[in-house]
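J.: My structure is below; once you've seen it, I'll send some questions.
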Number of protein chains: 2
Amino acid sequence: MTEIQRNLTVDEQLAILRRGVVDLVSEDDLRRKLTRSLETGTPLRVKLGADPTRPDLHLGHAVILRKMRQFQDLGHRVIMLIGDFTAMIGDPSGKSKTRPPLTLEETRANAQSYLEQCKLILRDDPEVLELRFNGEWLEPMGYADVIRLASRYTVARIMERDDFKKRFEGGVPIAVHELLYPLTQGYDSVALHADIELGGTDQLFNNLVGRALQRDYEQEPQVVMTLPLLVGLDGTEKMSKSLDNYIGLTDEPHAMFAGLMKVPDPLLENYFTLLTDLPEARIQELLAGHPVEAHRVLAREVVRWLHPDADLDAAEARFKAVAKGGIPDDIPSVPVPADLAGGEGRYPVTRLAVLAGLEPSNGAAKKLIQNRGLRLNGDALTDPQAAIELPAEGAVLQKGKDRFVRLVPQG
Amino acid sequence: MTEIQRNLTVDEQLAILRRGVVDLVSEDDLRRKLTRSLETGTPLRVKLGADPTRPDLHLGHAVILRKMRQFQDLGHRVIMLIGDFTAMIGDPSGKSKTRPPLTLEETRANAQSYLEQCKLILRDDPEVLELRFNGEWLEPMGYADVIRLASRYTVARIMERDDFKKRFEGGVPIAVHELLYPLTQGYDSVALHADIELGGTDQLFNNLVGRALQRDYEQEPQVVMTLPLLVGLDGTEKMSKSLDNYIGLTDEPHAMFAGLMKVPDPLLENYFTLLTDLPEARIQELLAGHPVEAHRVLAREVVRWLHPDADLDAAEARFKAVAKGGIPDDIPSVPVPADLAGGEGRYPVTRLAVLAGLEPSNGAAKKLIQNRGLRLNGDALTDPQAAIELPAEGAVLQKGKDRFVRLVPQG
């Protein structure tokens, strides 16, 4: 049995847990729950809903997982809730691209991948890490149960949600089932007897529905805690894979290092607060100093956190070499089958880029070249139709500043 | 196998079916369906949703049932759909008095009573009368099925419904499950493969949802036909039991006759159109003549329709006697147990009124007396606390103009 952390007072715990938090509904409730937990030795149940349709995690997710880890370190139990059942339904209207229906296999595979990435940050101990799937309670629900659940909440309150309000007022269709999803998500908290639910600020509304429903089901309402959506490397949009402004949670040390060195200056404080434990005074000292030094400290802190075994000096050295436009030594080598070549023994560059794993398709590779994002031996390619010769020692394809692959002809 | 009526052309059938109709969406569709039915000999499926929470039918219901009967007479099949499953759920929020949840037994008993009354108007032949319960397809539905159904319709379209719109704009709470009920009702049409759905004008929206859903489920959309809500004897509100402005479908001939003689003059044309087959020219002739004569014809037509075996002259004679303030001869007699009497052998009038079946409770009887609605041997009672002596031959209690009970002391 994991022990509740007794070396810290409730106020000291609150100070840790409040760091970086945007919404806390309510601090009094959290204080009460922490106090009772200390008195009774019963861990709190901290819920995080995971979306199994998007299994690739990045530093934006790390912000929340870091908070979950803080709860674990205080002896509490975190619950990763996989919305498997809802993911399998997806958006039956087919209108929302954000909710493609998944098969059971996809859902399970994504959940597994999600969980593996979470374990880079969370403590992997069944005493403080619980994995649940919402199919457990949604699958047995019938029509009458859905009606009863839906009767607990009013249309007006659901329509208060920002995106619903805007769509309704703007005449953008909202299908009726979309109103049921926040209720379902809220019901998950009832089923889990959650004490606390974490989420991004975009989840505030949904998580407050859970708080209201719990009260309606005569449970103690959960504390809702939101964390900022981390702004990505472009400095304007929230970090996301589709905007390509992200640093992946599983990126290699040197790539992660390079990414963090590119964080726009105005975001530095935010990154320090949300992704490191550096004390406030130290952060201010760094921000007052030279930005490159501040970036270096940030990069080393975050890489050390997510890659505890990595050689930080090597990662930094490699970043520096690449930054100067050099090609690093230790890059992966990919053999190129002879039959990839066209008539005159020349290889189409788009096919090479796909083979190298730099792009998923010829079309994407073509686009990359049009955007001047692909280099051959250091020189930007300009013609998507180009076909090149490959010398026996190979040639280096480079995507952006930091991804290199050596292509070596076979045979 | 019942035959489709072939003596009438489609235009002649349309003329019959259009009488009294308010909304017809669309006449073209109806014409097409009637034509095809004539060609193929396949009867149309005509749906009417019945609300098993209100099993007492009156002339307001007769308007729609009469239209159903016209479809039967043309060889089509009418389907009485009992919303048993939804009635059992009722309004789980408990906020709507119009949807008290019923037990299975209540639902079945109400449905039975509903059906018996319908058979006063409909042809009771399994070839043209089908009874269905929506639990048949709602009971097996799971959460995923409900989500899929709900995804077929947008919030904006549901909120177009007049009462929802007013409530939403007026800040009167609408629970989310209320949005699901029109969808459920619409899905009933899908499950039944309805060709036509009948209803009052207040059902236009719900029945159009059925039309839209059928299209979405790749069925031919049903024709929606609405009939007016009959205005009651007060001349302003729609006929309803709770407003006590109604004529019951099972009222005795003389009572029905008396009720029809009280129809406000401005409503006469409406009643003639909706409740009789008199040709338009005849109706206009009657309306141009003396109102009492027009009322007599209306009363005789409707009583003959609903009580084909009744003695119309006797019903009229009795109405006349009562109208002059007399007490008719053939009134029911109720024995009064001796122990109903108080200390001095006198009987409290409120308890007598309840015993006589004139009111459901002492409180209601008290109110009736306060409103000067209860007479004893022709004289209005004024004191709700009064207790009276009962001679051996009994005394006559009278509620309103037309309900008499003779109370005879026992032993």
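J.: With 19 Å as the limit, write out which pairs from A:LYS262/A:LYS399; B:LYS119/B:LYS401; A:LYS238/A:LYS324; A:LYS33/A:LYS67; B:LYS241/B:LYS262; B:LYS119/B:LYS320 have Cα-Cα distances beyond it, or answer none. Show your work: numbers first, answer last.
T.: On the way: A:LYS262/A:LYS399 16 Å; B:LYS119/B:LYS401 29 Å; A:LYS238/A:LYS324 29 Å; A:LYS33/A:LYS67 17 Å; B:LYS241/B:LYS262 16 Å; B:LYS119/B:LYS320 30 Å.
Violating the 19 Å Cα-Cα cut-off are B:LYS119/B:LYS401; A:LYS238/A:LYS324; B:LYS119/B:LYS320.
J.: Roughly speaking, what is the centre-to-centre gap between the range B:371-396 and the range A:120-162 when only Cα atoms are used, to the nearest Å?
T.: 63
J.: Once both labels are modelled 7 Å past Cα along the beta-carbon direction, what's the B:ARG31-A:THR236 spacing in nm?
T.: Modelled inter-label distance: 5.8 nm.
J.: Quote the charge dipole size of the range B:159-290 about the Cα centre in Debye, to the nearest 20; the model charges only the Cβ of Lys and Arg (+1) and of Asp and Glu (-1).
T.: Numbers: 10 positive and 22 negative charges, 53 e Å.
Magnitude of the dipole: close to 260 debye.
J.: Can you give the mean number of other chain Cβ atoms that lie within 10 Å of the Cβ atoms in peptide A:338-350?
T.: Average per residue, whole number: 0.
J.: OK, next. Rounded to the nearest 500, what is the protein assembly as shown's calculated 222 nm mean residue ellipticity when only DSSP H runs of at least 4 contribute -39500 (n - 2.57) each, over all residues?
T.: Values: 36 runs with 368 residues, N = 822.
For the protein assembly as shown, the value works out to -13000 deg cm²/dmol.
J.: From other protein chains only, count the Cβ atoms within 10 Å of every residue's Cβ in A:154-166, then give the mean.
T.: Details: counts 10, 13, 8, 3, 4, 4, 0, 0, 0, 0, 1, 0, 0.
Per residue, the average neighbour count from other chains is 3.
J.: What does the charge dipole of the protein assembly as shown about its Cα centre add up to, to the nearest 20 debye, if the Cβ of each Lys and Arg holds +1 and the Cβ of each Asp and Glu holds -1? Please list the in-between numbers first.
T.: Numbers: 100 positive and 122 negative charges, 206 e Å.
Roughly 980 debye for the protein assembly as shown.
J.: Moving on. Find every distance from the label point of A:ARG406 to the corresponding label point in the other copies (7 Å from Cα along Cα→Cβ) and write them in nm, one decimal, shortest first.
T.: Here A:ARG406 shows inter-copy label distances of 11.9 nm.
J.: Would you please calculate the Kirkwood hydrodynamic radius of the range A:262-360 over all C-alpha pairs and express it in Å, rounded to one decimal? Mind dumping the intermediate values first?
T.: Numbers: mean 1/r = 0.0593 Å⁻¹.
It works out to 16.9 Å.
J.: Under 8 Å for C-alpha pairs, at least 6 residues apart: give me the relative contact order for chain A, rounded to a whole percent.
T.: The normalised contact order for chain A reaches 14 percent.
J.: While we're looking at this one, here's another question. Can you give the direction-averaged projected area of the convex hull of the alpha-carbon atoms in chain B, in nm²? Please report the intermediate quantities before stating the final value.
T.: Details: hull surface 97.4 nm².
Dividing the Cα hull surface by four gives the mean projection, 24.3 nm².
J.: How far apart, in nanometres, would the label points at A:LEU243 and A:GLU160 be if each is projected 7 angstrom from Cα along the Cα-to-Cβ direction?
T.: Label at A:LEU243, label at A:GLU160, 2.8 nm between them.
J.: Follow-up. Once you charge only the Cβ atoms, +1 for Lys and Arg and -1 for Asp and Glu, what is the size of the charge dipole of the range A:367-410 about its Cα centre, to the nearest 20 debye? Show your work: numbers first, answer last.
T.: Numbers: 7 positive and 5 negative charges, 61 e Å.
Dipole about the Cα centre, nearest 20: 300 debye.
J.: Follow-up question, since we're still on this one. Which residues of the range A:71-89 show a drop of at least 10 Å² in accessible area when all protein chains are present, compared with their chain alone (probe radius 1.4 Å, heavy atoms only, ligands and nucleic acids excluded)?
T.: Hits at the 10 Å² cut-off: A:PHE85, A:ILE89.
J.: I need the inter-copy label distances for B:THR9: point set 7 Å along Cα to C-beta, values in nm with one decimal, smallest first.
T.: Its label point is 9.7 nm from the equivalent points in the other copies.
J.: Using the Cα atoms as the points, what is the convex hull volume per residue of the range B:43-178 in Å³?
T.: Details: hull volume 19.9 nm³, N = 136.
Residue-normalised Cα hull volume stands at 146 Å³.
J.: Moving to a separate point now. What FRET efficiency would be calculated for the residue pair A:ASP56, A:ARG215, taking the C-beta separation as r and a Förster radius of 45 Å, to the nearest 0.05?
T.: The formula returns an efficiency of 0.80 here.
J.: A follow-up question, please. Across the residues of A:177-184, average count of Cβ atoms on other protein chains within 10 Å?
T.: Values: counts 11, 5, 6, 9, 2, 1, 2, 2.
Per residue, the average neighbour count from other chains is 5.
J.: On average, how much accessible surface per residue is there in chain A, in Å², for a 1.4 Å probe, leaving out ligands, DNA and RNA?
T.: Solvent-accessible surface per residue comes out at 46 Å².
J.: Right, next: With no solvent and one equal point scatterer per Cα, compute the Debye intensity ratio I(q)/I(0) for the protein assembly as shown at 0.11 Å⁻¹ and report its log10, rounded to two decimals.
T.: So the normalised log intensities are -1.23.
J.: When chain A is turned about an axis onto chain B, which of its residues keeps its C-beta closest to that axis, and how many Å is it?
T.: A:VAL146, 2
J.: Of B:ASN270, A:ASN206, A:GLY142, whose Cα points farthest to the positive end of the dipole of the protein assembly as shown (charges on the beta-carbon: +1 Lys, Arg; -1 Asp, Glu; origin at the Cα centre)?
T.: Final value for the positive-end residue is B:ASN270.
J.: OK, next. Nearest 100 Å² is fine: what is the total accessible surface buried where chains B and A meet, probe 1.4 Å? Write down the numbers at each step before the final one.
T.: Values: alone 20250 and 20280 Å², together 37770 Å².
Between B and A, the summed buried area is about 2800 Å².
J.: First compute the accessible area of the range B:295-411 with a 1.4 Å probe, then give the percent of it belonging to carbon and sulfur atoms.
T.: Numbers: 3020 of 6230 Å².
Roughly 48 percent of what the probe reaches on the range B:295-411 is carbon or sulfur.
J.: Now, a different point. Which percent of the accessible heavy-atom area of the range B:223-265 goes to carbon and sulfur, probe 1.4 angstrom? Don't jump to the answer; show the numbers that get you there.
T.: Details: 820 of 1720 Å².
Looking at the range B:223-265 in its full context, I get 48 percent from C and S.
J.: Of the heavy-atom accessible surface of the range B:1-129 (probe 1.4 angstrom), what whole percent is carbon and sulfur?
T.: Numbers: 2920 of 5830 Å².
Whole-percent figure for carbon plus sulfur exposure: 50.
J.: How big is the antiparallel share of DSSP beta bridges in the range B:280-411, given as a percent to the nearest 5? Mind showing how you got there, number by number?
T.: Working: 12 of 16 bridges.
That works out to approximately 75 percent antiparallel.
J.: Shortest first and in nm with one decimal, please list how far the B:LYS324 label point sits from its counterparts in the other copies (point 7 Å along Cα→Cβ).
T.: The answer, with the shortest distance listed first, is 12.6 nm.
The values are calculated or read from the model by the stated rules, or taken from the named source; none is laboratory data. Predicted model only: the values in this text are computed from it and were never measured. Positions of Cβ are generated from backbone atoms using ideal geometry, with glycine treated the same way; all protein chains shown enter the neighbour counts. Remember, those area values only see protein heavy atoms, side chains included, never the ligands or the DNA or RNA. Shrake-Rupley method; radii C 1.70, N 1.55, O 1.52, S 1.80 Å.
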